[in-house]
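Colleague: One structure coming up, written as C-alpha cells, with questions to follow.
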Amino acid sequence: MVFYLILASTGMLGFWLYYFVVLRRTTFFNLNRWYLFGALIFCLLVPFTHHFVDVSRGIEPESNSVALTYASEMLSTVEAIQDRVVIVQKAATHISWLSTLYFIICAFFLLRFIWSLISINRLVKGSEAMSSTGAKVYRNHRITQPFSLFGRVFIPGKWDDVPGEILCHELEHVKKRHFIDVVLIELVAILFWFNPVIYFYKKSVRLNLEYLADRAVLFQCGNPLKYQSLLISNALESSIKSPITTHFATPLKNRITMMKKRKTQNWMRVALIGAIPLAAGLVAMNTRNEVKQPLEKSIATILDVVENDNKPSGFPLAANELVKVSSEYGPAMHPILKVEKMHQGIDLVAKEGTPVYATADGEVTESAEGDVRGHFIRIKHSEVYQTQYAHMSKRDVKAGDKVKRGEIIGYVGNTGQSRGAHLHYEIHENSKPVDPREFMK
C-alpha cells in the first residue's frame, strides 16, 4: 500500500511539473485535458504493471545449476532481511496508529464528497426547471452564482434574464462531460490527501476545463469584452461551496489572460513527447529490479512502520540452512497423489531438524499433527495475515502461545504426505492464500 501511494504520488508530481513548465501556457486546451486525465489514470495503474511484466528469472526444477543459482540469490536476500529484523520489531508498535489515521482522514474526505452529492440532489428538488435544449437547467433562489454538475445547470433564482454567454459556458461543461474530470480528481484527492501535489493537480484540471468553456463561448458569441465583464461582475457574488461543481466566474485572472493569448503554433504539440520518458521511468521503477530495489530500500523505514502491520517477511529458515526451493506457489503436480492441484505455498528444502522461525509476531492458533500436513502450525499475525508451517518433525509451540518474529517454532521434517525433508510454508492474506514470494523480497 505504501509503495503504491509513493509510486503514484511520484508519477503525479512528474506529470504535473511537466504540465506546469511546458504545457500550461499553450492554447491546446483539449489536448491538455486529455494529458492531465490520462496521466492521472496512468499514475493510478502503473503500480500494477509488475503483474503483467515479468522481470524475474525463472527456475527449472530439473536443472540443478539453475536451482542453485536461484537459491543463492534468495540467500543473499535473507541475509539482508535478517539484519533488519530488530528494527522492524521496534517499529511495529506505531503501525496501527499511522494506518488508522490515514483511513480516518480518507473517510472524512469521502463523507464530505458524499455530502456534496446529497446537497446537489437536494438542490434539484427545490429548484424550478427551465426550458432548454440539450441539458437540464434549473433556477434556484438559494444560489447566487451559476454552476453545473453532471447533466444539470443551475442558475440563481433572482436572475430574470439569463445572459446567453453564461448559459453557453455551463452548457459546454455539460456537453463535454467535464464532470468526469472533476469527480475523478476529487476521488483521487481523497486517497492522496497527504500529497500536496494533488491539490495543484486538481487546480490545473479545473482551470483547464474553464479554458475550454471560455473558448466555446468566445467562438459562439465573439464578444470577449462583454464576456469578461460578465465574469468580473459574477465574481463579486458569493457562490455555493462545493468541491464537485464547476463555477462560472472562478478563477478570473488566469482565464482573462488566456483569452487574450495568441494561439499556440501547432508544431508545439510535439512537446507532448517529453512525457514519454516520464511514463517509461515510472514503469521501470515498478518492474525493473535494478531500479525498484534501491527505491524500496530508500523507503524501507516508511514501509516497515506504516505497511508492515505484523506482515510476514523474509524466510522461515536461516540463510545457511536453505538448500533449494522444490515447489513454488501455483498449480503443480502432487508428488504422492499424482494429480494437479493448487499448491498454496512454497516448499523449502533443508536438512531434517533445521529450525523453523516465525516470520512475524503473532499468536499460535493451531499446533497439531495430521495425516496430510504432518506436524503443523498456524500463526495469526493480525486481522489480515496468517502463516502456516507444515511437515515438520517437531513443534516447539502450542495453541495460544505468543510468538515473536525470529522465534523458533519447530523443526524441518518429513511428516504427513511428504517425500523428503522440507518445510511447506504458506501466507494467507484476508483468509486467502497468496504467493509467499511477494513477502520474501
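Taken together, the values in this text are just the output of simple stated rules run on the coordinates, not laboratory data. If you're wondering where the values come from, they're calculated on a predicted model, not measured in any experiment. Reconstructed Cβ throughout: ideal geometry from the backbone, glycine too, with neighbour counts over all protein chains shown.
Colleague: For segment 396-441, give the magnitude of the charge dipole about the Cα centre (Cβ charges: +1 Lys/Arg, -1 Asp/Glu; no others), in debye to the nearest 20.
Modeller: Numbers: 8 positive and 7 negative charges, 11 e Å.
Using only the charged Cβ atoms, the result is roughly 60 debye.
Colleague: Here's another thing I want to ask about it. Measuring from a point 7 Å past the Cα of GLU128 along Cα-to-C-beta, which residues in segment 141-177 have an amide N at less than 17 Å?
Modeller: 141-146, 153-163
Colleague: For the ranges 102-108, 313-319, what's the packing order if you count other beta-carbon atoms within 10 Å of each residue, average per peptide, and put the highest first?
Modeller: Details: 102-108: 12.6, 313-319: 20.7.
Peptide ranking by packing, descending: 313-319, 102-108.
Colleague: R0 = 30 Å: FRET efficiency of LEU218 with ARG269, Cβ-based, nearest 0.05? Before the final figure, lay out the partial values.
Modeller: On the way: r = 21 Å, r/R0 = 0.71.
Computed FRET efficiency for LEU218 and ARG269 comes out at 0.90.
Colleague: Per residue of segment 387-399, in order, report the coupling 6.51 cos²θ - 1.76 cosθ + 1.60 (Karplus, θ = phi - 60°) as ³J(HN,Hα) in whole Hz, putting x for Gly and Pro.
Modeller: Those phi angles translate into 10, 9, 10, 10, 6, 7, 8, 7, 10, 9, 10, 10, 4 Hz.
Colleague: Do you know the relative contact order of segment 92-218, to the nearest whole percent, from alpha carbon pairs under 8 angstrom that are 6+ apart? Please report the intermediate quantities before stating the final value.
Modeller: Numbers: 120 pairs, mean separation 23.1, N = 127.
Averaging sequence separation for qualifying contacts and normalising by length gives 18 percent for segment 92-218.
Colleague: I would also like to ask the following. For segment 324-439, give the magnitude of the charge dipole about the Cα centre (Cβ charges: +1 Lys/Arg, -1 Asp/Glu; no others), in debye to the nearest 20.
Modeller: Numbers: 16 positive and 17 negative charges, 54 e Å.
Value, rounded to 20: 260 debye.
Colleague: Still on this model: Test of understanding: what is the full-extension gain from ASP396 to LYS226, defined as 0.36 nm times their sequence separation minus their Cα-Cα distance? All intermediate terms of the calculation are to be shown ahead of the outcome.
Modeller: Working: separation 170, 0.36 × 170 = 61.20 nm, distance 8.44 nm.
Length difference between fully extended and current span is 52.8 nm.
Colleague: Which value, in debye to the nearest 20, gives the size of the charge dipole of segment 169-221 about its Cα centre, when Lys and Arg are +1 and Asp and Glu are -1 at the Cβ? Let's see the in-between values first.
Modeller: Working: 7 positive and 6 negative charges, 19 e Å.
Charge dipole of segment 169-221: 100 debye, to the nearest 20.
Colleague: What's the FRET efficiency of VAL22 with PHE48 using the Cβ-Cβ distance as r and R₀ = 22 Å, to the nearest 0.05? Spell out each step's value before the answer.
Modeller: Details: r = 28 Å, r/R0 = 1.25.
Efficiency, rounded to the nearest 0.05: 0.20.
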